[in-house]
Amino acid sequence: MNNLKNIAVYCGAATGNNQIFIDGTKELGHWIVENDYGLTYGGGVFGLMGVIADSVMENNGYVHGIITEQLNNRNLAHPNLSKLDIVETMDIRKKEMLNNSIASIALPGGPGTLEEISEAFSWAKLGDNDNPCIFYNIGHYYDPLKDFFDNMVDKGFLEQSGRKKVLFSNSLPEIKRFIDNYTPPALRTYK
């Protein structure tokens, strides 16, 4: 039985083409254990998914994988997790990951990673997710997206107060402070 507070980490089945992404992922895994968190993630064995799971387990941490039946049937699930749930669809997986965590962190990744953390943030804006959303900006990977979020504010599609509810950072101490001091965004009012 897991009594830890879990961090949902979104990442892909690739490692990218720079060692900094692997090293940063390992640092995040160690940080999760050092701060008495567990890990909830997509359950995969390859890419940064495998790296984050292995780094948490190497430090005797708790890892809860949530994978779809389709991906599990393709032998993509990590075989050595603390707990593995197999669910029917990606929608169920994403909801379960949020329900099983107190914060959402995106590592560098592809379209799936971006979709998952964007949906988590969107749900926070709608009042359906109380978890802070964080882009772990290893090697400035998310700088263009950070600029785009600022552009949303500049162009009137995101309130400044809402923009402050998502963090882009490569600093684990800053990420910890953001999680500890986070309050969910106020529900948007329409005029």
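The values are calculated or read from the model by the stated rules, or taken from the named source; none is laboratory data. Predicted model only: the values in this text are computed from it and were never measured. Cβ atoms come from the backbone with ideal geometry, glycine included; neighbour counts cover every protein chain shown. Ligands, DNA and RNA are stripped out before the accessible areas are found, and what is left, the full protein with its side chains, is counted by its heavy atoms. Shrake-Rupley method; radii C 1.70, N 1.55, O 1.52, S 1.80 Å.
Structure notes:
- When the stretch 53-66 is filtered for residues that are without any contact (Cβ under 8 Å) to a residue 60 or more places away in the chain and either farther than 17 Å from residue 113 by Cα or surrounded by fewer than 18 Cβ atoms within 10 Å (Cβ to Cβ) (or both), the ones remaining, listed by number, are 54, 55, 56, 57, 58, 59, 60, 61, 63.
- Residues of the stretch 1-40 that are part of a strand (DSSP E or B) and either farther than 25 Å from residue 119 by Cα or not hydrophobic (A, V, I, L, M, F, W, C) (or both): 5, 6, 10, 37, 38, 40.
- The residues of the stretch 86-110 that are within 18 Å of residue 138 (Cβ to Cβ) and either of a type in the set (A, V, I, L, M, F, W, C) or out of contact with any strand residue (DSSP E or B) (no Cβ under 6 Å at 6 or more places or on another chain) (or both), listed by number, are 103, 105, 106, 107, 108, 109, 110.
- Hits in the stretch 67-79 (condition: of a type in the set (D, E, K, R) and surrounded by 18 or more Cβ atoms within 10 Å (Cβ to Cβ)): none
- Checking 47, 43 one by one, the residue that is touching a helix residue (DSSP H, G or I) at 6+ places or on another chain (Cβ under 8 Å), open to solvent by less than 30 Å² (accessible area, probe 1.4 Å) and on the phi > 0 side of the Ramachandran plot is 43 and no other.
- Hey, residue 129 at pLDDT 95 or above and polar (S, T, N, Q) or not: no
- Filtering 50, 139, 109 for residues that are over 24 Å from residue 174 (Cα atoms), touching a residue at least 24 places away in the same chain (Cβ under 8 Å) and not aliphatic (A, V, I, L, M) leaves a single hit, 50.
- So residue 35, is it in contact with a helix residue (DSSP H, G or I) (Cβ under 6 Å, 6 or more places away or on another chain) and open to solvent by 10 Å² or more (accessible area, probe 1.4 Å): no
- Residues (assigned to a helix (DSSP H, G or I) and either basic (Lys, Arg) or in contact with a Ser or Thr (Cβ under 6 Å, 6 or more places away or on another chain) (or both)) located in the stretch 92-104: 93, 94, 95, 97
- The stretch 45-93, residues that are of a type in the set (Val, Ile, Thr) and closer than 20 Å to residue 25 by Cα: 45, 51, 52, 56, 63, 66, 67
- Residue in the stretch 16-31 that is surrounded by 15 or more Cβ atoms within 10 Å (Cβ to Cβ) and modelled with pLDDT under 95 present: yes
- Pairs with Cβ under 8 Å, 6+ apart, first in the stretch 143-163 and closer than 12 Å to residue 125 by Cα and in contact (Cβ under 8 Å) with a residue 12 or more places away in the chain, second of a type in the set (Ser, Thr, Tyr) and open to solvent by 80 Å² or more (accessible area, probe 1.4 Å): none
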